[in-house]
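Note sheet for the following structure.
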Amino acid sequence: MKIVFPVAGVGTRFLPATKEVPKEILPVLDKPLIQYAVEEALQSGLEDFVFITARGKEALESHFAPNPGLDDFLRRHGKSHLLDGLKEFYHKNFIYIRQKQALGFGHAIALAEKAVGDEAFAISLPDDLILSERPAMAQMLEIYEKYRSPVIAFMEVPRADIPRYGIAAGPFLEERVFRIEKLVEKPALADAPSNYAVIGRYIMTPDIFPLLKREKKGAGSEIQLTDAVVELMKQRQVLGYFFEGRRFDAGTTLGYIETLIHVALHREDTRDFTRRILRDLAKNEKL
C-alpha cells in the first residue's frame with residue numbers, strides 16, 4: 001500500500017517563516033514535521049511514499065535524498081550518527097507530483113491516482129502530529145484489514161471547535177469503530193451531527209478517484225475530499241476510527257508551540273531542561 005502526503009499548501013499561518021521554507025520542514029526540536037509523518041508510515045509497514053507538492057517545496061525532496069558532501073563531512077568529524085535517522089529513507093520509493101493549481105485537498109488527492117493505481121492507499125496530513133505507543137496508521141491498517149472498508153481517523157473536539165473540522169456521526173460497530181452515516185465539512189454548530197472530528201489520517205480505496213473528478217468546489221471554494229467521501233458512502237461502507245494516542249495541531253502557531261513543549265517534555269535529553277524553564281517561568285512571570 002502506498003501513502004500519500006498532500007504537502008502543496010502555502011503555509012500562510014507561519015509567514016514570514018514559510019516564505020522560502022515549506023511549513024513541513026519547520027523543526028519540532030531537531031526533526032522536521034514531515035519526518036515525523038514519514039516515520040509513522042514506515043513504522044506502520046508502508047514504504048512507498050507519494051508527495052503532492054508545489055513550487056517552492058524543493059526542500060522536501062532534498063531532505064529525504066542522500067547528501068554525499070554532508071555525509072563525508074560528518075564522517076570526517078566523527079558525527080555520522082547525526083544523520084542515522086535519515087539514512088533509512090535513502091533507498092525507499094519516493095514519488096513527487098506537483099500540484100500546479102491550489103484547487104483544494106480533494107484535488108491534491110486526485111493527482112495521486114496514477115501513482116497509487118488500482119489499490120487501496122493511505123493519506124497522512126503532516127500538520128496532524130500523532131504521538132502514540134503504536135503508530136496511528138498501523139492501528140488504522142488493522143481496521144482496514146478486518147473490514148476491507150475505507151477508514152478515517154477521528155477524535156472528539158470541544159463544541160466551540162466544531163466549525164474547524166469535518167464532523168461525522170453513526171452507529172458503533174465495536175469499541176473505537178463506527179460506520180459513518182453523516183459527514184459534514186466544517187458545519188455551523190447548529191448543523192453538526194456530533195463532535196466527532198476528522199483528523200488527518202485516511203485509508204481510501206481507488207473508487208474515490210472518479211468521485212473526486214466529478215466533485216465541484218465545496219467548503220472554502222475548494223475541491224474537498226469530504227464531499228467525495230459522502231458520495232462514496234452511497235456505494236459502500238466507510239468507517240470512522242478513534243485512534244489511540246495524542247494528536248497535536250502543529251499546523252497552527254498555538255498548536256505548534258504546544259507540540260514543541262510536549263515533545264521536549266517527553267524526550268530524555270530535553271525533559272529536565274524544559275521542566276526547569278517552565279518552573280522558572282511559572283515562578284517569575286505572572287502566568
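The values are calculated or read from the model by the stated rules, or taken from the named source; none is laboratory data. This is a predicted model, so every value here is computed, not measured. So basically every Cβ, Gly included, is an ideal-geometry build from the backbone, and we count neighbours across all protein chains shown.
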- Single residue of F105, F172, F209 found to be out of contact with any Leu (no Cβ under 6 Å at 6 or more places or on another chain) and touching a residue at least 40 places away in the same chain (Cβ under 8 Å): F209
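Condition check ((1) within 30 Å of Q101 (Cβ to Cβ); (2) basic (K, R); (3) modelled with pLDDT of 95 or more) across all residues:
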site: D191; (1), (2), (3): yes, no, no
site: N195; (1), (2), (3): no, no, yes
site: R201; (1), (2), (3): yes, yes, yes
site: K216; (1), (2), (3): yes, yes, no
site: Q224; (1), (2), (3): yes, no, no
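Out of curiosity, is I223 surrounded by 21 or more Cβ atoms within 10 Å (Cβ to Cβ), among the β-branched types (V, I, T) and part of a loop (DSSP other than H, G, I, E, B)? Quick ask: steps written out before the conclusion?
Details: surrounded by 21 or more Cβ atoms within 10 Å (Cβ to Cβ): yes; among the β-branched types (V, I, T): yes; part of a loop (DSSP other than H, G, I, E, B): yes.
Yes; evaluated as a whole, the condition is true for this residue.
Looking only at segment 45-95, how many residues end up being polar (S, T, N, Q) and under 20 Å from A115 (Cα atoms)?
Going through segment 45-95 one residue at a time, the tally reaches 2.
Given the criterion at pLDDT 90 or above, over 18 Å from L86 (Cβ atoms) and basic (K, R), identify the matching residue among K23, K19. Spell out the reasoning first.
Working: K19 fails: at pLDDT 90 or above.
Going through K23, K19 in turn, just one is at pLDDT 90 or above, over 18 Å from L86 (Cβ atoms) and basic (K, R): K23.
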- Pairs under 7 Å by beta carbon, first residue over 19 Å from Y165 (Cα atoms) in segment 249-262, partner among the aliphatic types (A, V, I, L, M) and surrounded by 18 or more Cβ atoms within 10 Å (Cβ to Cβ), six or more apart or different chains? T259/V28; T259/L129; T259/A250; L260/V28
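Report, by residue number, each residue of segment 261-273 that is surrounded by fewer than 18 Cβ atoms within 10 Å (Cβ to Cβ) and either assigned by TED's automatic domain parsing to the domain that holds N195 or not in a loop (DSSP other than H, G, I, E, B) (or both).
Taking segment 261-273 as the starting set, the residues that turn out to be surrounded by fewer than 18 Cβ atoms within 10 Å (Cβ to Cβ) are 261-262, 265-273.
Across segment 261-273, the qualifying residues are I261, H262, L265, H266, R271, D272, F273.
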- Any chance you could count how many residues in segment 83-124 are loosely packed, with under 11 Cβ neighbours inside 10 Å, modelled with pLDDT under 85 and in a helix (DSSP H, G or I)? 1
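Could we say that G45 is closer than 22 Å to L141 by Cα, in the same structural domain as G104 (by TED's automatic domain parsing) and under 17 Å from the mean Cα position of the chain (by Cα) here? Give the derivation first.
Numbers: closer than 22 Å to L141 by Cα: yes; in the same structural domain as G104 (by TED's automatic domain parsing): yes; under 17 Å from the mean Cα position of the chain (by Cα): yes.
Here the answer is yes, as G45 does meet what is asked.
Taking segment 125-134 only, how many residues are crowded, with 18+ Cβ neighbours inside 10 Å and either hydrophobic (A, V, I, L, M, F, W, C) or at positive phi (or both)?
Number of matching residues: 3.
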- Item | Residue that is surrounded by the most Cβ atoms within 10 Å (Cβ to Cβ) [pool: residues in segment 40-82 that are farther than 16 Å from K2 by Cβ and hydrophobic (A, V, I, L, M, F, W, C)] | L60
